[in-house]
Every structure is written in C-alpha cells, then in structure tokens.
1. For the chain, what is the largest minus smallest coordinate of the Cα atoms on each principal axis, given in angstrom and ordered from greatest to least?
2. Kindly state, as a whole number, the per residue volume in cubic angstrom of the convex hull around the alpha carbon atoms of the range 23-111.
3. How would you order 196-208, 28-40 from highest to lowest mean count of nearby Cβ atoms within 10 Å?
4. Any idea how far apart LYS251 and ASP87 come out in nm if each label point goes 7 Å out from Cα toward Cβ?
5. Kindly provide the helix-only [θ] at 222 nm of the chain, computed as the sum of -39,500 (n - 2.57) over DSSP H runs of four or more divided by all residues, to the nearest 500 deg cm²/dmol?
6. As I understand it, the value is the acute angle between the Cα axis of helix 88-111 and the longest principal axis of the Cα atoms of the chain; what does it come to in degrees, rounded to 10?
7. Extending each Cα 7 Å along its Cβ direction at ARG97 and LYS180, get the distance between those two points in nm, one decimal.
8. Using label points projected 7 Å from each Cα along Cα→Cβ, tell me how many nm separate ASP232 and MET54, to one decimal.
Amino acid sequence: MMAALTTVLFDFDGTLSTLREGWEDVMAPFMKECITGNVKLSEVEESALKQEIMDYIEDSTGIQTIYQMRWLAETVRRKAWNPQIFDEWEYKAEYNRRLLLQVKEKVELLDQGRLQAEDFLMKGSLAFLNLLQQRGIEMYVASGTDHPDVVREAEVLGISHYFKQIVGAPVGKAECSKEKVLVDLMEHNGLSGRQLAVIGDGKVEIGLAKKRGAIAIGLATDERRREGINPDKRARLEKAGADWITGDFLKAEQWLNALGLSI
C-alpha cells in the first residue's frame, strides 16, 4: 500500500505571497543598467540585450537571488560595455535595496489598515492552509529569498504559525535552501517520495521534487489577480514535469485529489 501524504513543502514568493510581485520589473532594468553603464546601444543591441535578460530571468525563476546576480556579474564582464564591475554580493545588495522599497510600501499599507493580509496572499491559500492543518499535515516553507526577509514577510501576512519551519536563503552564503530542506525532510525525517508534496511556481522546486520522487505541484500563478493561470508559468512548469498545475488554492476538492488525500 502506498504511503499517505504527511508533509507539504511550499515555495513562498509567487506561491503563497504576492508581496514581491513585480520583482522582475525591478531586476530587468537593474540588470540592463549594470550591463550597459553609460554606453548608448544600437536598436539591435538594445533589443537583443533586453531579450537575453528576460530569457534569463524567466529561466532562473525560483533560484537564489545570489545566483542571478552571479550571472549578472559574468554578463557585465562578458559584454564589456561597462568598465565598472562589482561582485555578485554587491549587485545583490543593491537589487535587494530597490526591491525592498516596494515591499516596504506594501507593508506600510498593511500597518495602516488600508490593505489586509489577504490582499497579498494567493486566493484560497488561508483556507487551504487551514485544511491541511486540520488533517495533521506538517507544512514547511523553503524560499530563495533571504531568510530574515521571508520569515518577516510570513509574519506580516499572518501565516508563519502554520509552518513547522521557514527556511530562506542563508545570508552571505550561496546555498540552495530549497534543496537542503527537501533533502532534510526526505533523508533525515525518513519520508518516502509520495509522503511529501512540493508546491511552487518555479521550475527549481518542481525539478527537485521530481528528482526525489515527491509529488510536484506547479502553481502557475497570476500574481496581479492572485487567481487563475499565468500561461507563461504554466509552460515553464509543464516543461519542468509538474504532476499537476493550477493557478490558486480555490478548488479544495481538486487539491485534495492531487495530493492523494480523501475528500
């Protein structure tokens, strides 16, 4: 008899939280600025660079920010348009500074009561977390966002208490927090494949789940609407081999079926 699900590992940004929605719109111009410096590109060069950056961002969604900034540092050197080259950690610090300005604005709206936590959670997520909690499922979060930030944002959204552990990227280290948590759960906690489900909107966590034989559920989330399917994400998650793909947490019956839980 196949072992029943006992544990769910969530990605955070774009899966549960939309506090960082629009991060691509911060990263893309930042990368272009760093790569080109003060050089005026031709239309052809401009178009090609924009496409290269967007392709990389699309392909790297879900990995730690430091690896994206490593690509940026390598690209600045390779293109040789900008003589001012920083290391990956300096690029990460400046990118985070810019992104957190947007996050701070959203948190202030929450503090002022002008918006509610539900306005930054994928639709149906609170009810889904409650459903899993009621069924005794242990829940974890693993994120490529810096550990202190993901912990703080989970607390701001009022969902931190659902999780046995929240793990973000270690500050100052280039380590894959998602892979570490997955390995710990399966090897140290003695979970077999189908006892664990991994839920996320990036190919990284889906790929890790498939590699380990866990249930891999793709969230092709439309982060602006907080419901429905983002077709670009769906294509990416299909390519990664997700067992099931949806866009939100609204259809509890379908979720329970996908997780192999009785309705």
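1. 62, 43, 33
2. 104
3. 196-208, 28-40
4. If labels sit at LYS251 and ASP87, their model points lie 4.9 nm apart.
5. -15000 deg cm²/dmol
6. It works out to around 60 degrees.
7. 2.6
8. Those two pseudo-labels are separated by 0.7 nm.
Here, each number is a calculation from the coordinates, and none is a lab measurement. Bear in mind the structure is a predicted one, so any value in this text is a computation, not a measurement. Positions of Cβ are generated from backbone atoms using ideal geometry, with glycine treated the same way; all protein chains shown enter the neighbour counts.
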